[in-house]
1. Can you tell me which residue in region 233-251 is nearest to I26 (Cα to Cα), limited to those that are of a type in the set (V, I, T) and part of a helix (DSSP H, G or I)?
2. Do you know which of the residues in region 1-12 that are touching a residue at least 60 places away in the same chain (Cβ under 8 Å) and more than 20 Å from M84 (Cβ to Cβ) is nearest to the ligand (Cβ to nearest atom)?
3. Among the residues of region 13-33, write down those that are outside any helix (DSSP H, G or I), closer than 19 Å to R250 by Cβ and in contact (Cβ under 8 Å) with a residue 40 or more places away in the chain.
4. I'd like to know if region 142-162 contains one or more residues that are surrounded by fewer than 17 Cβ atoms within 10 Å (Cβ to Cβ), closer than 20 Å to P4 by Cβ and among the small types (G, A, S).
5. Output the number of residues of region 164-196 satisfying the condition of being of a type in the set (G, A, S) and exposed (fewer than 15 other Cβ atoms within 10 Å of the Cβ).
6. List every residue pair whose Cβ atoms sit under 7 Å apart, with the two residues 6 or more apart in sequence or on different chains, where the first one lies in region 42-64 and is surrounded by 16 or more Cβ atoms within 10 Å (Cβ to Cβ) and the second, anywhere, is basic (K, R).
7. Is it fair to say I230 is surrounded by 20 or more Cβ atoms within 10 Å (Cβ to Cβ), within 15 Å of the ligand (Cβ to nearest atom) and part of a loop (DSSP other than H, G, I, E, B)?
Amino acid sequence: MRKPFVAGNWKMNTDSRSSVNLAKRIASGSSEVAGHSVSVAVFPPFVYLELVAKALSAFSVAVGAQDVYCESKGAFTGEVSSPMLKDIGCTYVLCGHSERRHVIGETDELINRKVAAAITGGLLPILCVGELLSERDSSQTEQVVARQLKSGLAGLSAEKASAVTIAYEPVWAIGTGRTATPQQAQEVHQLVRNFLAAMYDSQLAQETRILYGGSVKLDNSADLMGQQDIDGLLVGGASLNADDFLAIIRSAA
Ligand code: PEP
């Protein structure tokens, strides 16, 4: 059985005070379900990770980073490594979020190196994949998602790949208020699972959690979670409001 997983990506929002307050409200409001019937994680900006990790140390809400570098140490000015993230209490890391791919310009090859480095450093990567609107409109969704998965997981043994969670986030649905319908999302999630089975084996495919992300709100979360291959939600905007995020967690639990 795949335990549902709800992750909140705070992006470049909050400050030192509001990040701790938000984390504490989420942790206390979800204490009956978090860690038992649903995995919950928050992804604050780098500079608040340690503060949030400390605030959550007595709770079952995990902390993750929004990005990581692909080397463990050295002359890489401005970058942050997996061992550093692990050291301050991170469990997860997002790799290849669409804003990193399309705003910052990260390539499939770099994302693959980040996924591998995260696993080596003891973190659990969430590999984000998803097509642009133009790619969906020209029927390239399957091709794009397959390419991103194949390159994102390249060179990983089945054992290492079992540390990875996949997030399907159609770029046209992120921060736009336009959500994929549960059927559209389910279709791609099933493709992802089939792809994992072909690349590895059916056990790995059945055990891997595949999250949906893209304008998830409390009024669509339950329908999305009702789909067979949707195992959780990666929530951006709505994760900045504790009440909304808690309602989404409850709908998934
Ligand atoms: C995200 O940041 O991964 C995301 C899905 O954002 P939003 O929920 O705001 O669309």
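Coordinate-derived values only; no laboratory data. Everything quoted here is computed from the prediction, not taken from an experiment. Here the Cβ is made from the backbone with ideal geometry for all residues, glycine too, and neighbour counts use every protein chain on show.
1. I249
2. K11
3. S30, V33
4. Yes, the conditions are met somewhere in region 142-162.
5. Residues flagged as of a type in the set (G, A, S) and exposed (fewer than 15 other Cβ atoms within 10 Å of the Cβ) within region 164-196 amount to 2.
6. Matching pairs, first to second residue: A55/K24.
7. Against the criterion (surrounded by 20 or more Cβ atoms within 10 Å (Cβ to Cβ), within 15 Å of the ligand (Cβ to nearest atom) and part of a loop (DSSP other than H, G, I, E, B)), I230 qualifies.
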